[in-house]
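A quick write-up on the structure given underneath.
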Amino acid sequence: MAEIRVMREDLLPPKEPPRRHLISIGDLERADVERLLGTARSFERSLERELKKLPTLRGKTVVNVFYESSTRTSSSFELAAKRLSADTMSIKSTGSSVDKGESLKDTALTLGAYDPDVIVIRHPQIGAPQLVARYTGAHIVNAGDGKHQHPTQALLDLYTISEELGRIEGLHVAIVGDVLHSRVARSNIQALALMGARVTLVGPPPLIPRGIEAMGCEVSYEIDAIKAADVVYVLRMQQERMAEGANYVPSLREYTARWGVTPERLRPGQKVMHPGPMNRGVEIDPVVADAADALIERQVRSGLVVRMAVLYDLLTHGPVGVQAAALHEIGAA
């Protein structure tokens with residue numbers, strides 16, 4: 001009888017690494033954030049060349065699925081994939097089978113049949129990215145799920161602050177406005193705390209969630225609190241997420257009068273940010289939005305390179321390989 005030999009474990013071929021997703025800032029450690037920001041920095045240098053396209057993700061497929069309106073996020077993800085030479089497909093719920101009643105599960109199964117490498121999804125329901133991850137073999141990037149998380153927005157905000165102020169640790173960031181309905185606020189609180197910044201939430205009591213201090217932030221209901229901050233991060237009133245008939249503030253006019261960010265409420269040198277879209281004259285004065293210290297346009301530019309870094313990071317194995325390969329390709333170009 002033939003002798004049966006058992007192969008030692010260290011001689012077995014390497015196992016396929018587990019699928020990696022970016023669904024929440026809670027998925028990241030500080031080293032992950034530093035790696036992503038470093039890779040984004042490398043990609044930003046590549047965009048200074050005349051030929052901006054890199055061969056990095058040639059042969060990969062990125063599918064963008066947006067169930068909610070978007071300009072900045074959807075366009076930057078699509079352009080990020082194209083700048084890395086990936087094939088892209090963009091799907092919006094309007095005009096798709098969703099209009100005919102198709103469930104998210106069936107949409108995910110349909111998309112999974114095309115064997116995409118990455119699915120970027122925005123959806124009004126919390127937990128939608130996890131469901132798509134369950135029914136496809138793709139890497140999933142959460143581009144916003146309800147009022148839960150928007151991790152790439154937080155990363156691009158960190159990148160913007162770091163590039164403009166030279167650091168994140170030790171800075172004081174005031175987040176002003178409708179925190180209750182804001183996925184951007186939740187992701188930024190987590191991200192800023194992870195990187196050692198101090199966060200103060202400012203707004204009307206009904207728009208500040210109870211117990212949110214447990215996330216590692218402070219709360220103030222007075223607009224004067226923003227004067228102590230290095231960065232003032234302005235949020236819009238998300239009326240599309242508010243229950244019909246709910247009155248969180250007496251009126252938009254009163255909200256503007258009490259919590260709007262105006263030049264008189266800022267001190268010289270304070271940086272101002274906004275995730276967009278802005279409602280000029282409501283949460284932010286047009287003079288503030290267009291001032292030299294406003295980083296709003298810089299945030300849009302940061303979104304491209306940060307999302308390039310996220311796509312690249314998900315489709316490579318190990319932090320060393322990510323940065324080394326990025327630097328090699330950019331340097332050789």
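The values are calculated or read from the model by the stated rules, or taken from the named source; none is laboratory data. Only a predicted model underlies this, so the values are computations on that prediction, with no experimental measurement involved. With ideal geometry, Cβ positions are generated from the backbone for all residues, glycine too; neighbour counts draw on all protein chains shown. These accessible areas exclude ligands, DNA and RNA; they are computed on the full protein's heavy atoms, side chains included. Shrake-Rupley method; radii C 1.70, N 1.55, O 1.52, S 1.80 Å.
Of note:
- Test: Ser90 is in contact with an Asp or Glu (Cβ under 8 Å, 6 or more places away or on another chain), open to solvent by 60 Å² or more (accessible area, probe 1.4 Å) and within 23 Å of Pro151 (Cα to Cα): yes
- Failed item in (1) free of Cβ contacts under 8 Å to residues at least 40 places away in the same chain; (2) under 23 Å from Glu34 (Cβ atoms); (3) open to solvent by less than 10 Å² (accessible area, probe 1.4 Å), with Leu201 passing the rest: (2)
- Yes/no for Arg35 being open to solvent by 50 Å² or more (accessible area, probe 1.4 Å) and out of contact with any His (no Cβ under 6 Å at 6 or more places or on another chain): no
- Number of residues in region 127-148 that are within 15 Å of Arg183 (Cα to Cα), touching a helix residue (DSSP H, G or I) at 6+ places or on another chain (Cβ under 9 Å) and open to solvent by 10 Å² or more (accessible area, probe 1.4 Å) equals 2.
- Within region 43-53, if we keep just the residues that are in a helix (DSSP H, G or I) and open to solvent by 10 Å² or more (accessible area, probe 1.4 Å), the residue that is farthest from Glu164 (Cα to Cα) turns out to be Arg45.
- Test for Arg186: is it crowded, with 19+ Cβ neighbours inside 10 Å, over 22 Å from Tyr248 (Cα atoms) and of a type in the set (Lys, Arg): no
- Check on Ala225, outside any loop (DSSP other than H, G, I, E, B), surrounded by 24 or more Cβ atoms within 10 Å (Cβ to Cβ) and without any contact (Cβ under 8 Å) to a residue 60 or more places away in the chain: no
- Residue in region 99-112 that is over 24 Å from the mean Cα position of the chain (by Cα), at positive phi and either part of a strand (DSSP E or B) or surrounded by fewer than 19 Cβ atoms within 10 Å (Cβ to Cβ) (or both) present: yes
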